[in-house]
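Peer 1: Can you read through this structure? Questions will come right after.
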There are 2 protein chains.
Amino acid sequence: MSWNSLNKHWEELSFPSFTAGATEEEQQAQSKKALKKQQKEAEKAAKKAEKQAKMASEQQSAEEDDFAKDRYGVSAMVQSQQKLDRELVRVQDLTPEKADQLIWLRARVHTSRAKGKQCFLVLRQQQFNVQALVAVGDRASKQMVKFAANITKESIVDVEAIVRKVEQKIESCSQQDVELHVERIFVISQAEPRLPLQLEDAVRPDGEGEEEGRATVNQDTRLDNRVIDLRTTTSQAVFRLQSGVCQLFRDTLTKKGFVEIQTPKIISAASEGGANVFTVSYFKTSAFLAQSPQLYKQMCICADFDKVFCVGPVFRAEDSNTHRHLTEFVGLDIEMAFNYHYHEVIDSITDTMVQIFKGLRDNFQTEIQTVNKQFPSEPFKFLEPTLRLEYTEAVAMLREAGVEMGDEDDLSTPNEKLLGRLVKEKYDTDFYVLDKYPLAVRPFYTMPDPSNPKYSNSYDMFMRGEEILSGAQRVHDAQLLTERAIHHQIDLEKIKAYIDSFRYGAPPHGGGGIGLERVCMLYLGLHNVRQTSMFPRDPKRLTP
Amino acid sequence: MSWNSLNKHWEELSFPSFTAGATEEEQQAQSKKALKKQQKEAEKAAKKAEKQAKMASEQQSAEEDDFAKDRYGVSAMVQSQQKLDRELVRVQDLTPEKADQLIWLRARVHTSRAKGKQCFLVLRQQQFNVQALVAVGDRASKQMVKFAANITKESIVDVEAIVRKVEQKIESCSQQDVELHVERIFVISQAEPRLPLQLEDAVRPDGEGEEEGRATVNQDTRLDNRVIDLRTTTSQAVFRLQSGVCQLFRDTLTKKGFVEIQTPKIISAASEGGANVFTVSYFKTSAFLAQSPQLYKQMCICADFDKVFCVGPVFRAEDSNTHRHLTEFVGLDIEMAFNYHYHEVIDSITDTMVQIFKGLRDNFQTEIQTVNKQFPSEPFKFLEPTLRLEYTEAVAMLREAGVEMGDEDDLSTPNEKLLGRLVKEKYDTDFYVLDKYPLAVRPFYTMPDPSNPKYSNSYDMFMRGEEILSGAQRVHDAQLLTERAIHHQIDLEKIKAYIDSFRYGAPPHGGGGIGLERVCMLYLGLHNVRQTSMFPRDPKRLTP
């Protein structure tokens, strides 16, 4: 594999079906403008190909007298031409135990620095990296060092190298005790020379950048170039931790006897009165995107699944441009039948949250530390059993702190945050349950408090003073549910199937929905939910 | 708790906020017609309540001389009035070891049969049931037996009873060695007397019903009344097995080092040319529902996540009314970087499928047997390693069987099924991979075969002759991808973000998407994908 291979590659790609010609019929179908554009693109691609082929051929003749010419180059695109029997070592496994072994490795060029007859590369795989040296000698020619020095950052290379122990720790790399002495290097995928953002800028703590006059990367640039932003150690850590949250959530509930269900996202009627719902064209009619799987979870309870959970997208057509709202997020949803009191449900959910917090603390410490380097925060604190406050107590605490509010007023976002601080001061926990919300501020299917008609059997859960879960005992009696729907002026025709679900025997039940992105954001002490959504959707962002 | 409690219940529910009055402003907002309807509903509800209260009060006076009057009745709705310290035993735990113990139990009335001074109930919890006897004696009066006999089927009851060993096995129940001698019985949730379908009809094998002139339940009746249909032993088994498929899929991949990702479902551009895609109103613009998470999975590979999977809804606006098409289904998606050959990907996926098949065979035998009782089928067969055929071999097999088709023709559904039978005869497997599809029948991002431009590095996987997965090596080179898109006449502007993902170094990679409902249907030998979708969506069905 060398520049020769590159030529061969271009030959392979020029077979007829790859040209941009279109049949007459197809041409007629396109608008003239579109066609012109397509042709232009095709010409551009052809020109580029020609240029690269020419460069490769020039390079080739210059290399005629290079003793190392077969030891480097740009490989033909991996198109599954052959099954190579070659083991590739992982960067994280490069330790002194591998010293003096000749190994193959595939990694990205993180940085490169030429220095006389040597070129130092840092090779990266996810959050791990290692130093590699290409030096003129037996194995490498000066042309090979030059070639290595010219490989663009973020390109992917295959390297054959000897692992060598180093005397002084390499502080800048995750593998500090060894470096690689490169004997062969081939480019597997070439990155364009200009990156839209620099990885080192993208992991720089906010303050540091400003103080030292160095660049940081703003949120929109990150999100516009998410494929590169996700390569940073911080992003890798965030989304590996997020994967962990889902796994801990499901494993805990499966152990408790919950069954996973799949609920439809396209629904015929807006579940909660029609506000904030996205409309979908559905063949000759229209439909909506589910704002929550709740009605379906409840049907499953009425269908004897007893305890269910689901993990899936939730859609809110709210024009809220805040740090914590998304138009599409991932809901971790729970619903369960209980025997006599909905606190059985609260206990199940809080225990699940505690198992998640413990699992993260015990198994994701590396990820937490990595994120903390860029975004410092206090470790997340929680109590066992979880603190449960009643709404009236919270109102009293806020009033004591100078807030004016009525008994049945909902909590504003600033008041939620203030309450979080007051609770932290008093109880030393970042996680708690607020129980017994005023009936007036909750949805129609919320069970009223039997002892005080102004309140309800409902609750929210908070992390670092922000809501992550909303839940309640649900009304499981068709007649009371009808009355509550009428009181909320909901069109009964539209929720007929829902109400009918409770006519054939329904156990008392309750549940709640957790926002995955919020849990990750607040656990890590981050400040924007877009940092914990891979491809966030908000009123202004639909791409990538 | 007795009829007294019922009265109390109605009193509680009549506090002011529960009436259907609306303020003047709210009334103006409603249309007159809607208002009238609401009022009518409210009147109806009030009348019904009055009638029930009257009945309860009459009953009450009749019970004055009933020595057992506190031992039965309709309980007040469970509204979390109290935290009862009462353990409820599970039906499946009712074994001879519990003989002569006094226990409490909550279950549904599956059937009831009065016989002189006795009433036999079958009490059900999911797939388990037990016989219960209410007989006139020390503990039960004749009024109590009458009450028990009148409890509507599917109502939920709390029962206090002594567990008794029986001399002759009760063949009709899952708990064959014991029965319950009931001492107290309270209705927790009353089912309406007329059920839209009978559970015993809903589990009757198709042929049996016709032969003996007994009813079976057609698909639409089932789906219209899904909450009841899901209570059958067959449905309980199907969806517990489905939950198992998801868990086995994730656990296997997690062990292999895959990371779970969450991909957006609302997207700005139709990914594959714009056909068969649902349109969503998105604030002042419009968007689409993702037909697959594939583009996002690939971006994650370009973002160094190396191996990823996701489980989530997939939307297809196809007007196909067949046994195997849904407009919304659950995709189990895989994408991974590979080293030199896409068969590394095929091997990962087939091993994952084999682990799922083994897990189902070993841990879900009860569920499989339960479904087989209603829908008999041959056990699912698979080979290790998985059989892999090339497309040209398949075409040859079909031609030998008399099918006329060109080398590059796609497989029709009947030919897929025929091929499945031929493969089963020749290789004795229900699962195999068909590799190297003609390039012309695959999407633009499919990697061409390096040795034959008419074919591609792509594959489908089949269970019992039906496709469950489609996958390929993807084009990871921005330039080749551009050429392929132009060839397919795709507007480059619309897929710019996608193509740009490959400009900054992209590893060779491949993957595939599995349809969850199809896997469950075909593993169990069922014949309609609506049987394995809890709330199926097709061009004609959007409810419940």
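Peer 1: Shortest first, in nm, what separates the label point of A:K115 from those of the same position in the other copies (7 Å along Cα→Cβ)?
Peer 2: 9.4
Peer 1: Taking every residue in A:39-48, how many Cβ atoms of other protein chains lie within 10 Å of its Cβ, on average?
Peer 2: Numbers: counts 1, 1, 6, 4, 0, 2, 6, 1, 0, 2.
Counting Cβ atoms of other protein chains within 10 Å of each residue's Cβ and averaging gives 2.
Peer 1: Moving to a separate point now. Under 5 Å between amide H atoms, partner at least 5 residues away or on a different chain: which partners does B:F382 have, H built in plane at 1.01 Å?
Peer 2: B:D430
Peer 1: In Å and from the alpha-carbon atoms only, list the Rg and Dmax of the stretch A:195-309.
Peer 2: Rg and Dmax of the stretch A:195-309, Cα atoms, are 21.4, 62 Å.
Peer 1: Hey, another quick one. How would you rank A:509-521, B:398-410, highest first, on the average number of other Cβ atoms within 10 Å across their residues?
Peer 2: Values: A:509-521: 24.9, B:398-410: 12.1.
The packing order, highest mean first, is A:509-521, B:398-410.
Peer 1: I would also like to ask the following. Rounded to two decimals, what ratio of Rg to Rh does the protein assembly as shown give with C-alpha atoms and a Kirkwood Rh? Before the final figure, lay out each step's value.
Peer 2: On the way: Rg = 32.6 Å, Rh = 32.4 Å.
Looking at the protein assembly as shown, the ratio lands at 1.01.
Peer 1: Right, next: Given a Förster distance of 60 Å, report the FRET efficiency between B:M405 and A:I103 from their Cβ-Cβ distance, rounded to the nearest 0.05.
Peer 2: Values: r = 48 Å, r/R0 = 0.81.
In this case the efficiency is close to 0.80.
Peer 1: I'd like the FRET efficiency for A:A149 and B:E493, computed as 1/(1 + (r/R0)^6) with the beta carbon distance as r and R0 of 30 Å, rounded to 0.05. List each step's numbers first, then the result.
Peer 2: Details: r = 36 Å, r/R0 = 1.21.
Between A:A149 and B:E493 the formula returns 0.25.
Peer 1: Relative contact order, percent, of the stretch B:91-189 when contacts are C-alpha pairs under 8 Å separated by at least 6 residues? Before the final figure, lay out the partial values.
Peer 2: Working: 234 pairs, mean separation 33.6, N = 99.
The normalised contact order for the stretch B:91-189 reaches 34 percent.
Peer 1: So for chain A, Kirkwood radius off the Cα pairs, Stokes-Einstein at 20 °C and 1.002 mPa s: how many µm² s⁻¹?
Peer 2: 77
Peer 1: With +1 assigned to the C-beta of every Lys and Arg and -1 to the C-beta of every Asp and Glu, and no other charges, what is the dipole magnitude of the protein assembly as shown about the Cα centre in debye, to the nearest 20?
Peer 2: Computed charge dipole of the protein assembly as shown: roughly 840 debye.
Peer 1: While we're on this one: How far is A:G406 from the same spot in each other copy, in nm, shortest first, if each label point sits 7 Å from Cα toward Cβ?
Peer 2: 7.5
Peer 1: Across peptide A:536-544, how many C-beta atoms of other chains are within 10 Å of each residue C-beta, on average?
Peer 2: Values: counts 1, 7, 1, 3, 1, 1, 11, 8, 11.
That works out to 5 on average.
Peer 1: Running Debye on the stretch B:233-532 with equal point scatterers at the Cα sites and no solvent, what base-10 log of I(q)/I(0) appears at q = 0.06, 0.11, 0.13, 0.14 Å⁻¹?
Peer 2: -0.19, -0.68, -0.96, -1.12
Peer 1: Please report the antiparallel percentage of the DSSP beta bridges confined to the stretch B:84-175, to the nearest 5.
Peer 2: Values: 22 of 24 bridges.
Within the stretch B:84-175, antiparallel bridges account for around 90 percent of the total.
Peer 1: OK, next. Roughly how many nanometres apart are two label points built 7 Å out from the Cα toward the Cβ at B:K169 and A:H325?
Peer 2: 6.3
Peer 1: Sorted by packing (mean other beta-carbon atoms within 10 Å per residue), highest first, where do B:92-101, B:236-245 land? Write down the numbers at each step before the final one.
Peer 2: Working: B:92-101: 14.3, B:236-245: 22.6.
Descending mean neighbour count gives B:236-245, B:92-101.
Peer 1: Moving on. Using a basic spin-label model with each label point 7 Å from the Cα along Cα→Cβ, how many nm lie between A:S377 and A:K426?
Peer 2: With each label point 7 Å from Cα toward Cβ, the separation is 2.4 nm.
Peer 1: Along Cα→Cβ at 7 Å, what distances in nm separate the A:V166 label point from those on the other copies, shortest first?
Peer 2: Label-point separations across copies, in nm and ascending: 7.7.
Peer 1: Here is a follow-up. Restricting to chain A, compute how many DSSP beta bridges are antiparallel as a %, nearest 5.
Peer 2: Details: 74 of 88 bridges.
If we restrict to bridges inside chain A, about 85 percent are antiparallel.
Peer 1: A follow-up question, please. Along the positive direction of the dipole of the stretch A:62-153 (beta-carbon charges: Lys, Arg +1; Asp, Glu -1; about the Cα centre), which of A:T111, A:G137, A:A68 reaches farthest?
Peer 2: Toward the positive end, the furthest listed residue is A:T111.
Peer 1: Among A:L223, B:V159, A:V89, whose Cα lies farthest out toward the positive end of the dipole of the protein assembly as shown, if unit charges sit on the beta carbon of Lys, Arg (+1) and Asp, Glu (-1)?
Peer 2: A:L223
Peer 1: While we're here: Calculate the spin-label point distance for B:E200 paired with B:K44, positioning each point 7 Å from the Cα along the beta-carbon direction, and give it in nanometres.
Peer 2: If labels sit at B:K44 and B:E200, their model points lie 3.1 nm apart.
Peer 1: Mind checking the mean number of beta-carbon atoms from other chains within 10 Å of the Cβ atoms in A:477-485? Write down the numbers at each step before the final one.
Peer 2: On the way: counts 7, 4, 6, 6, 0, 6, 11, 2, 3.
For peptide A:477-485, the averaged partner shielding equals 5.
Laboratory data are not the source of any read-out in this text; all were calculated from the coordinates shown. Since the model is a prediction, treat every value here as computed from it, not as a measurement. Every residue, glycine among them, receives a Cβ derived from its backbone with ideal geometry; neighbour counts consider all protein chains shown.
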